[in-house]
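Quick notes on the structure that follows.
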Amino acid sequence: MPVRQVRDATAADARACTGIYAPYVTDTAVTFEADPPSVPEMALRIEGAQRRHAWLVLEEDGEVVGYAYAGPFKERAAYRWSCEVSVYLAPTRHGTGGGRALYEALLARLTERGYRMAAAGMTQPNEASARLHAALGFEPVGTFRAVGWKHGAWRDVTWVQRPLRDATAAPGADPT
Ligand SMILES: CC(C)(COP(=O)(O)OP(=O)(O)OC[C@H]1O[C@@H](n2cnc3c(N)ncnc32)[C@H](O)[C@@H]1OP(=O)(O)O)[C@@H](O)C(=O)NCCC(=O)NCCS
């Protein structure tokens, strides 16, 4: 069994994260980006996520094999306790519990920081992602039909959401 560890990402993880992400950009509609980000751009994304939300990596035997992060759900002030989450595993590691390990740590961190709701959008179909989100307590919100065009087809995106703590009580201080 490999030694597995989820830890905070730093800019030094940008190359590994880019390597995991790029094939999903070029070969799939899982993400709606058209061109893979450069390593410096990925480093900026990691640092940006770490400032207000979180970016975690999964290491196996010292090698980064996946990552999960959060960012703002929407910019307007009243949304500031809500965030959007995402997770990517190297294809060789699919189905070995890495997605769950990353998300459990990510959701705990976001709760700790004061966030109240996590949402995720999944290009259809994506059985693995649907099952991962359902397993972690995300509930369906709805599906935007034909909301993106990629690789020669209109794509539907299904959104799911999960409360991070008591969803009815008034929020306390802003997330830190
Ligand atoms: C989606 C993804 C992150 C899931 O991570 P993973 O490490 O493969 O998932 P896990 O092994 O942690 O499994 C989590 C749950 O989903 C289920 N699951 C995972 N892959 C599945 C599949 N292909 N079919 C059915 N169920 C699946 C598991 O059975 C498990 O359920 P359980 O905990 O109730 O037993 C991974 O497949 C991936 O990186 N996919 C490509 C990128 C992507 O789609 N990211 C999400 C963007 S919205």
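The numbers here are math on the coordinates, done by the rules we state, and not lab data. As the structure is a prediction and not an experimental result, all values here were calculated from the model. Neighbour counts run over all protein chains shown; Cβ positions are idealised from the backbone, glycine included.
Quick notes on this one:
- If you plug the beta carbon distance of Gln5 and Ala153 into 1/(1 + (r/R0)^6) with R0 = 30 Å, you get a FRET efficiency near 0.20.
- Protection proxy ranking, highest mean first, for peptides 121-130, 74-83: 121-130, 74-83, where packing is the per-residue count of other beta-carbon atoms within 10 Å, averaged.
- Take the Cα of Glu104, step 7 Å toward its Cβ, do the same at Ala135, and the gap between the two points is 1.0 nm.
- Extension gain from Gln124 to Arg76, taking 0.36 nm per residue of separation minus the Cα-Cα distance: 14.5 nm
- Magnitude of the charge dipole for segment 4-119, about its Cα centre and with charges confined to Cβ atoms of Lys, Arg (+1) and Asp, Glu (-1), is about 580 debye.
- Environment charge of Thr92, counting only residues whose C-beta is closer than 11 Å and scoring Lys/Arg +1, Asp/Glu -1: -1
- Positive minus negative residues near Leu164 (Lys, Arg vs Asp, Glu; Cβ under 11 Å): +3
- Residue-averaged [θ]222 nm for the chain, counting only DSSP H segments that reach four residues, each worth -39500 (n - 2.57): -9500 deg cm²/dmol
- More than 23 angstrom apart: percent of Cα pairs within the chain: 41
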